[in-house]
Structure formats: C-alpha cells, structure tokens
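**Student:** Can you keep this structure in mind? I'll have questions shortly.
The values are calculated or read from the model by the stated rules, or taken from the named source; none is laboratory data. This one's a predicted model, so the numbers in the text were calculated from it and none came from an experiment. With ideal geometry, Cβ positions are generated from the backbone for all residues, glycine too; neighbour counts draw on all protein chains shown. Note: accessible area is taken over every heavy atom of the protein model, side chains too, but ligands, DNA and RNA are not part of it. Shrake-Rupley method; radii C 1.70, N 1.55, O 1.52, S 1.80 Å.
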Amino acid sequence: MFKKFFSKFKKNKEEEIKDQPQSMEEIKEESIDEPIEEVKEETIKEELADEIKEEIIKEEPIEQQPIEPQPIEPVKEEMIIQEPEATEKIREELIEEVKEEPKEKLTFFAKLKKGLTKTREGIAGKVDAVLKSYKKIDEELFEEIEEILITSDVGVNTTMEIIERLKNLSKERKITESESLKGLLKEILIELLDKGQENEINIEPSPAIVLVVGVNGVGKTTSIGKIAHRFKSEGKKVLLAAGDTFRAAAIDQLEIWGNRVGVDVIKHQEGADTAAVIYDAIASAKARNIDVLICDTAGRLHNKKNLMNELGKVSKIVEREFGNATQEILLVLDATTGQNAIQQAKTFKEVTDITGVVLTKLDGTAKGGVVLGISAELGIPVKLIGVGEGMDDLQKFVPKDFVDALFGEED
C-alpha cells in the first residue's frame, strides 16, 4: 500500500514540475534531498568556475603587467630622492649640536673650573660670603677666613702662613675695605703654589723613565694610562711596565689601559718580583728605542720598612740599567682623603726622592685645599691634577689657572 502511495505521490510531483516551472524555488526548499538539486548545483558551479577562469585569463595580461612595475619604480625613486635630503638634515642637526659644545670640551680652563666646583663652593664661595658680611677689616674677619681654610683641608700650618701674610699685606697696602682682601688672598695663594718649581713632567732628553708610586685605591693605574695617552698624543713612543704584582687584577687593569691607549705592557705573573718586571721593561725599552717608560709599582706594603726595601730595589735596577735616562718619580694622591694625603706624601718622601705629585679625584671633593698643603708643607710640586673621568681630564697643574678657577675668574 505504501509503495502505491509513494509512486502516485511521485507522479503528481513530476506533473506539477512540468505544469509550474516558475515555482522551482519552492520545490527546491521542500525536496532538499532529491538528486536533481545536487546535479543542478554542480552544473552551476562548473559553469561559474569556467566563466571565472576565462575572466582571469583575459584580465591577467591587462591588469598585472602595468601594475607590477608602476608602484615599485616610483617608490624606489622617491626613496632615493628623499633619503639624502633626510640624511643631510640629520647631519646639519648633528653639526649644530657639536658647534654648541666645543668650548667646554676643548678648553682646559673650562674643565678645570668645572672640576673645582665643590672646592670653589667650600673655599671661594664661603670667603666671598664672609667678606660681604663685614664692612671693615678686623681680627674677627681674619678668624672667619682662617676657619674656612682649615675646614677645606688646607692644613693648620699652611693656613697660619696664609693668614699672617694676608694681615701684613693689608697693612702694607693700607687696605680698609673687606672685599679688597679677595685680591690679596688670590695673590698669596698663587705665590704659595708657584715657588719657581717645575710643574711639567720632565721627560727630556729621551729616553725617560717615570716611576709611579702610591697606595692602593688612589687611582695610580688609571693615572698611568692617562699619562701614557698624553705622551702618545705628543708623538712619543711609550711603554708600560706592570710592576704592581701584589694587588689583585692590577696587571689586567694596566693591560686594559694599554689596549685603550695603544701601547704595549711588559708584565710578569701575579706575585712576581717588582724589580724583575722593571728590569725586563728597561731591556725592552732599550731594544725598541722607547722615548718614555712608565712603571707601575706595588702599593700594598704593610709598613715603611717594606716600602723602603721595595723602592730601594727598583731604584738600584734603574740606576744600574738605565742610568742615562731622565728620571721622574711621581706620587699619586687622592684629593678626597684630605689631610691623609699629606701624611702619605710625608711617608713616601722619607723613603724615596719624590719629584712631583699627581692629585686625582679633585672634581669629586670639596677638600681641594690639600693642594696648598702639599706645596707649602712638603715643597713637592703638584704636576698633574685629575678633574674628571675622561682620558684628557688629567691636566697639567698651572698655579695661576688653578687659583683663577678656584675663585671663579675667567681665563
């Protein structure tokens, strides 16, 4: 019975399709599972695919050929044209920046003045304030100036000498206004620092040997590297000797400086005899016709006797093997240690003939008055001062420039 019904239903449907072709969409919705729709869909897809392929084949040579070269070539040309213009603008900006800074970077006096900022505030700044607070010159004013100098690590003895000379000069020149004492004080300080001593490291005639002494932590090895850079910049052939064989990493540190400056370093292993290192360095300097040999020495010596023995051995080697060389013995002191630096100088002066002082870290302290104490009490000329961390910031000490920078005067 079901089969008869189904065949009758199917026959009626076929007649309806023939009579009403416009209602195909309604039949499609009702008979989704019939194979006629699937065949039709596949046929439509194939026809559409063929049409799309034909359109693509026709359009490809027309659209793609002109599109590919046109957007690429103009972009490249614009980049080539714009790039140098942009580069030129950047270059001009950099040149302007460089033009704004050369004075501070190239002027030694400007570096000195900047490096002495803390010391200037501690001495000159306070002296100016005191002088302005007094209308007349009296004993109380001199006591105020005395206190400023002592607290700036000028030293008691040196301070007493300065104050005594200030009193005498003010009476001789009949000065009554307090602010006029500033000019007198500058004059006295310049005379105190400049006693006709040579403030330049003596390396002429060549060959020359420079022994550098000092305790650990004062910047001895760094100073050697900067001195080497200075001499090399002057066209000298320089050689370094790593004689501080006791301090850990001292040899490596000097090697790093040697590489930076571009000079060779003669070294032995850690713990070796300092005198043996100096001996080999002298032999190498002779063989290479070196102009300046700069020798580091041990700084970790427990007492004066050990210090004397060590430096005594080195001095004998130098006299025997390099007696014809110009000799300098530089003592490196840390300005931040104040009066302790003067005590170190006294100890080294007792055991060796110090020819000059290198005062480091002057830019990091208000105790720059120690320069006055070293010159006045020990009679040793200050030859170099460190006013920064740069390679060129270890400068020649010029008494007048130092005092002018200390009081903020222009060069």
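**Student:** Output the antiparallel fraction of DSSP beta bridges having both residues in the range 300-411, as a percent to the nearest 5. Intermediate values should be presented prior to the final figure.
**Tutor:** Numbers: 3 of 11 bridges.
Within the range 300-411, antiparallel bridges account for around 25 percent of the total.
**Student:** What's the FRET efficiency of F109 with E270 using the Cβ-Cβ distance as r and R₀ = 30 Å, to the nearest 0.05?
**Tutor:** Details: r = 42 Å, r/R0 = 1.39.
After rounding to 0.05, the efficiency reads 0.10.
**Student:** Hey, what did the range 264-411 get for relative contact order, percent, Cα under 8 Å, at least 6 apart? Kindly include the intermediate steps, with their values, before the conclusion.
**Tutor:** Details: 165 pairs, mean separation 23.7, N = 148.
Answer for the range 264-411 is 16 percent.
**Student:** Still on this model: Mind running the shape call on the range 191-342? Use the C-alpha gyration tensor, a ≥ b ≥ c as the square roots of the eigenvalues: rounded below 1.5 for a/c, prolate if a/b tops b/c, oblate otherwise.
**Tutor:** Here the range 191-342 falls in the rounded category.
**Student:** Is the C-alpha gyration tensor of the range 269-367 telling us rounded, prolate or oblate? Criteria: a/c under 1.5 is rounded; beyond that, a/b larger than b/c is prolate, otherwise oblate.
**Tutor:** Working: a/c = 2.11, a/b = 1.65, b/c = 1.28.
Cα axes put the range 269-367 in the prolate bin.
**Student:** 7 Å from Cα along Cα→Cβ at both I175 and M160: what's the point-to-point distance in nm?
**Tutor:** Distance between label points: 2.3 nm.
**Student:** Distance between the C-alpha centers of the range 300-350 and the range 153-193? Whole Å please.
**Tutor:** Comparing the Cα centres of the range 300-350 and the range 153-193, I get a distance of 33 Å.
**Student:** Can you give the local net charge around K132? Use residues other than it whose beta-carbon is closer than 14 angstrom to its beta-carbon, Lys and Arg +1, Asp and Glu -1.
**Tutor:** Values: positive: K126, K135, K136, K182; negative: D128, E144, E177, E179.
Spelling it out: positives minus negatives among the neighbours equals 0.
**Student:** Continuing with this model, one more query. If you filter the range 212-304 for GluC sites (Glu not before Pro), then keep DSSP loop positions with at most 11 other Cβ within 10 Å, what is left? Mind showing how you got there, number by number?
**Tutor:** Details: sites: E234, E255, E270; in loops: E234, E270.
Sites meeting the loop and neighbour criteria: E234.
**Student:** Using θ = phi - 60° and the Karplus form 6.51 cos²θ - 1.76 cosθ + 1.60, what ³J(HN,Hα) does each residue of the range 271-279 get, whole Hz, x for Gly and Pro?
**Tutor:** x, 6, 6, 4, 4, 5, 5, 4, 4
**Student:** Further, regarding this structure: Using 7 Å Cα-to-Cβ label points, what is the A248/I150 separation (nm, one decimal)?
**Tutor:** Label at A248, label at I150, 4.2 nm between them.
**Student:** Would you mind getting the accessible area per residue of the range 232-318, heavy atoms of the protein chains only, 1.4 Å probe, in Å²?
**Tutor:** Numbers: 4200 Å² over 87 residues.
Accessible area per residue, the range 232-318: 48 Å².
**Student:** Excluding P207 itself, what net charge comes from residues whose Cβ is under 11 Å from its Cβ, given Lys and Arg +1 and Asp and Glu -1?
**Tutor:** Details: positive: K236, K237, K286, R288; negative: E204, D291.
Here the charged neighbours net out to +2.
**Student:** Y279: accessible area at probe 1.4 Å, nearest 10 Å²?
**Tutor:** 100
**Student:** Expressed as a whole percentage, what fraction of the accessible surface of the range 364-411 belongs to carbon and sulfur atoms when a 1.4 Å probe is rolled over the protein heavy atoms? Working shown, then result.
**Tutor:** On the way: 600 of 1500 Å².
Accessible surface attributable to carbon and sulfur in the range 364-411 totals 40 percent.
**Student:** Mind checking the full-extension length gain between K232 and N309? Use 0.36 nm per residue of separation minus the Cα-Cα distance, one decimal, nm.
**Tutor:** Values: separation 77, 0.36 × 77 = 27.72 nm, distance 3.21 nm.
Computed gain between K232 and N309 is 24.5 nm.
**Student:** Oh, and also: Beyond 27 Å between alpha-carbons counts as too far, so tell me which of K111/K174; K113/K349; K220/K313; K226/K286 fall in that bin.
**Tutor:** Details: K111/K174 37 Å; K113/K349 30 Å; K220/K313 20 Å; K226/K286 23 Å.
Among K111/K174; K113/K349; K220/K313; K226/K286, the Cα-Cα distance tops 27 Å for K111/K174; K113/K349.
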